[in-house]
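Worksheet: one structure, shown below.
The values are calculated or read from the model by the stated rules, or taken from the named source; none is laboratory data. Worth saying up front: this structure is predicted, and the values here are computed from it rather than measured. Methodologically, a virtual Cβ is constructed for each residue, glycine included, from the backbone with ideal geometry; neighbour enumeration extends over all protein chains shown.
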Amino acid sequence: MGLSAARALAAQGWQVTLLDQDTLPNRRGSSHDQHRLIRHAYGAELGYMAMVDHAFAAWDRLWADLGARHYVPTGVLAMAESPGGWLGASRAALRGAGHAVQDLAPEALPARLPMLAATGLTDAFLTVPGGVLLADRILAGLLRLCTAGGVQFRQGRATAVEPEYARATLADGTTLAADLLVVAAGPWLPRLLPAQPVRASRQVIVMLEPPAALRPAWAAAPMMLDLAGDGGFYAVPPVAGTTLKLGDHRFASGGDAEEPRDATPAEAEEILALARRRLPGLDRYRLLEARACHYDVSPYERFLLAPLGARGWVMGGFSGHGFKFGPLLGEALAAAVADPHLGRLLPEWAAGLAPPPPGLLPSGA
Ligand SMILES: Cc1cc2nc3c(=O)[nH]c(=O)nc-3n(C[C@H](O)[C@H](O)[C@H](O)COP(=O)(O)OP(=O)(O)OC[C@H]3O[C@@H](n4cnc5c(N)ncnc54)[C@H](O)[C@@H]3O)c2cc1C
């Protein structure tokens, strides 16, 4: 978010300093990983479903600037063990907005995707737009564009911010002052701005190597969202040299962005247990790595893009679904900073509760 906002503000003529406590790209950041997913299916959240179209347009603008496309379209397979629910709401919303949804008979899934068992499934669908954003390559690209756009980088930890005066105090006692301060602190937000309604959530992911016989099927598989009653899991297929990854839909009950990223064997097993029924023979997959990454969770999972004092903005509360919107939200923030009218309307759109106000996004986006 910080890189995207810096890129967009610099393009508007701002002299931007990007302050980070770590060296960039930051391996401890929420954004750092091999992959992040983008999909239209959003349950009954029509605002975020519609925002995905604008996000794709913003990614296209980024690919054009980078001269490279760090995206692998895989399609999206959603599966559930009871009718209705998130799958039913997504299907209705998608069809209502004119998106194609291919219903799949659960019992036919294993013939099509041999890594799957249909046990307990009652519903499944496939949507074609959607896939894998190659996150670490995107961060490297954004860093390059920011550097080329004149953004200055400074390493240091902000211990306090005064958005009223666009000031930040650093751990070494230095004070930085500017005309505008944007706080995009990811899961560290609760440490820096404890009054904001955001908490950190420790999420465990496991990286696996499938058995040889299943590797071709996995390499061609869609991203998978399994919405079983116990919470289910998501699977990111091993595309473009990345590894197969499994993660958990549920939020953890706690977490702190400063805690170590290594996951314990028990934490890894908790994720594997969610997937064992759907992925038969999971014990024959090789566990390559298990680690934690942190979400910045807000009430109702709504993004917090809002003015903060007279000269500040906060970007946070991305609740495990922000990456796909990074370049879009950076552009929107820069537009809102330049126009107070848009600035008043941005928070509701970013919360998924209103359409984008005219003029917020580039025309045609
Ligand atoms: C396991 C996992 C899976 C996810 N899957 C998806 C997905 O499939 N699709 C999707 O759209 N989203 C997904 N997300 C969410 C998405 O990755 C995040 O919403 C997004 O990356 C947040 O970006 P950010 O810039 O706000 O935070 P970060 O990337 O964490 O960046 C915050 C930066 O602020 C710096 N910072 C913080 N505090 C200070 C301070 N006091 N002083 C100086 N610097 C500071 C940090 O060092 C860090 O570099 C996932 C997240 C996780 C953890």
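The table below lists the values:
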{"quantity": "Unmet criterion (only one of (1) touching a residue at least 40 places away in the same chain (Cβ under 8 Å); (2) surrounded by 17 or more Cβ atoms within 10 Å (Cβ to Cβ)) for L345", "calculated": "(1)"}
{"quantity": "So L18, is it under 21 Å from Y234 (Cα atoms), in a strand (DSSP E or B), of a type outside the set (F, W, Y) and outside the structural domain of T243 (by TED's automatic domain parsing)", "calculated": "no"}
{"quantity": "Those residues of segment 180-189 which are more than 8 Å from the ligand (Cβ to nearest atom) and part of a loop (DSSP other than H, G, I, E, B), in sequence order", "calculated": "L180"}
{"quantity": "Hey, D230 more than 21 Å from P114 (Cβ to Cβ) and out of contact with any His (no Cβ under 7 Å at 6 or more places or on another chain) or not", "calculated": "yes"}
{"quantity": "Residues of segment 24-45 that turn out to be within 9 Å of the ligand (Cβ to nearest atom) and not in a loop (DSSP other than H, G, I, E, B), as a count", "calculated": "3"}
{"quantity": "Condition met for A108 (under 26 Å from D20 (Cβ atoms) and small (G, A, S))", "calculated": "no"}
{"quantity": "Residue count, segment 127-163 (criterion: in contact (Cβ under 8 Å) with a residue 40 or more places away in the chain and part of a helix (DSSP H, G or I))", "calculated": "12"}
{"quantity": "Subset of segment 152-179 [surrounded by 15 or more Cβ atoms within 10 Å (Cβ to Cβ) and away from the ligand (no atom under 14 Å from the Cβ)]", "calculated": "Y165, A166, A178"}
{"quantity": "Count - residues of segment 252-269 that are of a type outside the set (A, V, I, L, M) and either crowded, with 18+ Cβ neighbours inside 10 Å or over 28 Å from E81 (Cα atoms) (or both)", "calculated": "9"}
{"quantity": "Segment 294-342 - residue that is crowded, with 22+ Cβ neighbours inside 10 Å and among the acidic types (D, E) and, of those, farthest from S30 (Cα to Cα)", "calculated": "E331"}
{"quantity": "Which numbered condition A124 misses (of (1) free of Cβ contacts under 8 Å to residues at least 60 places away in the same chain; (2) surrounded by 20 or more Cβ atoms within 10 Å (Cβ to Cβ); (3) in a loop (DSSP other than H, G, I, E, B))", "calculated": "(3)"}
{"quantity": "Filter result (small (G, A, S) and at pLDDT 95 or above) within segment 207-254", "calculated": "A212, A213, A217, A219, A220, A221, A235, A240, G241, G247"}
{"quantity": "Cβ pairs under 6 Å, 6+ apart, first in segment 247-273 and within 15 Å of the ligand (Cβ to nearest atom), second modelled with pLDDT under 95", "calculated": "H249/G231; H249/G232; R250/G231; I271/D248"}
{"quantity": "From A354, A350, residue being within 21 Å of R311 (Cβ to Cβ) and either crowded, with 20+ Cβ neighbours inside 10 Å or in the same structural domain as W313 (by TED's automatic domain parsing) (or both)", "calculated": "A350"}
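Results for (1) farther than 23 Å from A219 by Cα; (2) crowded, with 20+ Cβ neighbours inside 10 Å; (3) within 14 Å of the ligand (Cβ to nearest atom); (4) in the same structural domain as Q155 (by TED's automatic domain parsing), shown as yes or no for each residue.
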residue: D22; (1), (2), (3), (4): yes, no, yes, yes
residue: G47; (1), (2), (3), (4): yes, no, no, yes
residue: A55; (1), (2), (3), (4): yes, yes, yes, yes
residue: D60; (1), (2), (3), (4): yes, no, no, yes
residue: W63; (1), (2), (3), (4): yes, no, no, yes
residue: L66; (1), (2), (3), (4): yes, no, no, yes
